[in-house]
Every structure is written in structure tokens, then in C-alpha cells.
1. Which residue, D250, D152, D232, tops the fluctuation ranking in a GNM of the chain built on C-alpha contacts under 10 Å?
2. So which of K180/K261; K11/K261; K192/K252; K63/K134; K11/K180; K63/K192 end up more than 26 Å apart, counting from Cα to Cα?
3. Given Cα pairs under 8 Å that are at least 6 residues apart, what percent is the relative contact order of the chain?
4. Antiparallel DSSP bridges in the chain: what percent, to the nearest 5?
5. Per-residue counts of other Cβ atoms within 10 Å, averaged by peptide: what ranking do you get for 48-58, 281-291, highest first?
6. Sequence-distant or interchain residues sharing an amide H contact under 5 Å with L149, placed H: which?
7. Can you list the aspartates and glutamates whose alpha carbon sits under 19 Å from that of K120, skipping same-chain ones fewer than 8 residues off?
8. Please provide three numbers in whole Å: the alpha-carbon extents of the stretch 1-148 along the principal axes, with the largest listed first.
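Coordinate-derived values only; no laboratory data. Since the structure is predicted, the reported quantities are computational estimates derived from the model, not experimental observations. A quick note on method: Cβ atoms are made from the backbone with ideal geometry, for glycine too, and the neighbour counts reach across all protein chains shown.
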Amino acid sequence: MRDTITHLQEKVLAGGEVTVDEATELLEGVGRDDLMDLLAAADRIRRHFIGNEVHLCSIINAKSGRCAEDCGFCAQSVRFDTGVEEYDVIDDETALAAAAKAHENGAEALGLVAAWRGLKKGPELERVTALIRKVSEDGRVHADASLGLIDDPDVAGQLREAGLQTYNHNLETAASHFDKVCETHSHQDRLKTIELVREAGMNVCSGGIVGMGETPRQRAELASELREIDPDMVPLNFLNPIDGTPAGSDFKPMEPMEALKCIAVFRFMLPRHHIMVAGGREAVLGQLAPMMYLSGASAAMVGDYLTTGGMSAAEDQEVIAQTGMEPRPPSAGSTSPRPMRTVAEGVARGCT
């Protein structure tokens, strides 16, 4: 296996792509004896293509609970009894306070996240665009958002006009596993949303969750699907099972070494993309959190998540320093590590 790791590392460094079969071989074949070799190779790939800067972002639950969808991992679905706090879209003061806190924590962007199927024209869209405009005009952080499915190009256009720079819409899991996770909308619905976001001129943040019963090959398939979409940021989440959800009763948190292996293989398959380790990292990695950067990660969510707490900003800064990485200073302009695409480029490289 050591020879395979070396071969694939050199292939990537030379500009080649790791196939789904090759990534599956790494996920299935690398054991404890070879794991450190895999992590070291992923670290070298990250340093070669990305460097040592860490992108930091924050999120706020801009509308909580009562979501009609049945995503099996989500505490905010109305279909599950999780005891999650429920509230409507937050006010300007709350959003601006969150933006100030994100800036204080060293984040470049604040993601406004809403629990619902998606946005259509009407009062909710107007309220959300007003929030985006407030955060954008405040200027301390970039305004990003995760607002569910979009099926109307005019909605995407209004979000962009309000100042939204990046839209987060995760694939969640491989297409071959998606109906085991969600039945109320399809994998294709998610691809369509990403296509409309691109056409509106926004950056795309898209990743998924591992640890939901998918096979190693399906993890490799997810990475391959993300490579096709070519997002500007790839959040990699680890399932943190929540009582009351289907995933909470069916699965346990991943072993930390398995999680590090996933980060490394995603780096092999997505060498030029920022990979953000986000939800579940505290529950899964614990004291091994610094290892995520030495396994290929180059971005992190700082502060709390939607319904669970995160590390403190001071702890995150300590983790980054321990590994010789450097937080990227918050700056004006796009949060993307690459220039924003034109509409034509977005269509050409987007979803089909």
C-alpha cells in the first residue's frame, strides 16, 4: 500500500487525477501501518497546491426548526422530535452582532443558514435579502448563505444583487446513497440549485457529510461528484448523531483515524480546492483536531454550528498555530481562493 500511496501522490503532484477506483483502494486498503504515510502525502499535496493559509468562516442559524424536509441527519426537521429551538428569521441586530463576532474570531465570512425547503419569491425572500444587504454593507465580513433549494433564476439573481458572494449547498452524500438520507427532494434538485447559483454569478460552497452508512466507494463517488461541480470551497462534515433523528439511532460517530483518512483521500481527489473541516470535527477528532490540517484540510468553521456548539476561537487559533499553519487575514473581495467565474464559465463547468 505504501507504493500505491507514493504513486498516487506523484500522479496528483504532476497534475493527474485520482479515479474513484483508486480513491476506494485508499479508503479500503490503508490501515494503521500505512495511515501516517497517507496523511503525509495529503499534507504534501495541500502544501503544493494551496500553501499554509487557513480560511476561517462562521455561520449563524438564521431561521431554526420546522423544516418540512426529511434529511435523516438534521435536528431541524419537523418530522423528528429533537427538542431543537424553533424561531423565525432573525432580526438585523442579531445578524450584525453575529457578523461582529465572526470578524472578532478571524472569520472572513458569515453564512446565514435557514431551515426550510428553499426560497421562492415573497416575504421570506425579501426578509433574507434585507439581512444579506445589512451584513454586506456592514463590511466586517462577507455575506454568505445556505438557504436550501432554488428553482427560480430570479431568486438567485435577487440574492446576488443583495450582496451575496457565496452560496452553500452541499450534495450531502453520493448520488447512489442519497435516497437513503433524504426522500423529500432529490440529488438532481441539489445539482439544479448549484447550476442556478453559478448562473447568477455567485461562488459555490458544496461538500457533504460522511459517516451516514455510506460505503468507502460512495465516499469516493462524492469526492468525484464534487470535482465535477468544481466548487470554490468543499465543507467536509462528520456525522454527529443527534438523538431523535434517524441517523442518531442508526449510527455512531466515526473513529478519528477513519475521519483523518477521509480528509486525506478528499485532498488526493480535490488537490486545488479548499477543504473545510466543519460539523462534527470536535465530536469525532477530539484531541486529534490539529491533525486535520496535516491530513490535507485548509479551512475550518470557527465558532458554533447550527444546533451544536463548536470550539472556541482561541482553541481554533491554537490548533492552527500548533501545525505551522497561518489563518488568512480577513480581507475585502471574494471569499473564494480563486477568482469568481463568469456566467459562461459557471455554465460550462457546472452541473449537467
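1. The residue with the greatest mean-square fluctuation here is D250.
2. K192/K252; K11/K180
3. 23
4. Expressed as a percentage, antiparallel bridges in the chain total about 5.
5. The most tightly packed comes first, giving 48-58, 281-291.
6. Sorted by chain and number, the residues that satisfy this are G118, L119.
7. E69, D88, D144, D151, D152, D154, E161, D189, E195, E199
8. Reported extents, whole Å, longest axis first: 58, 38, 27.
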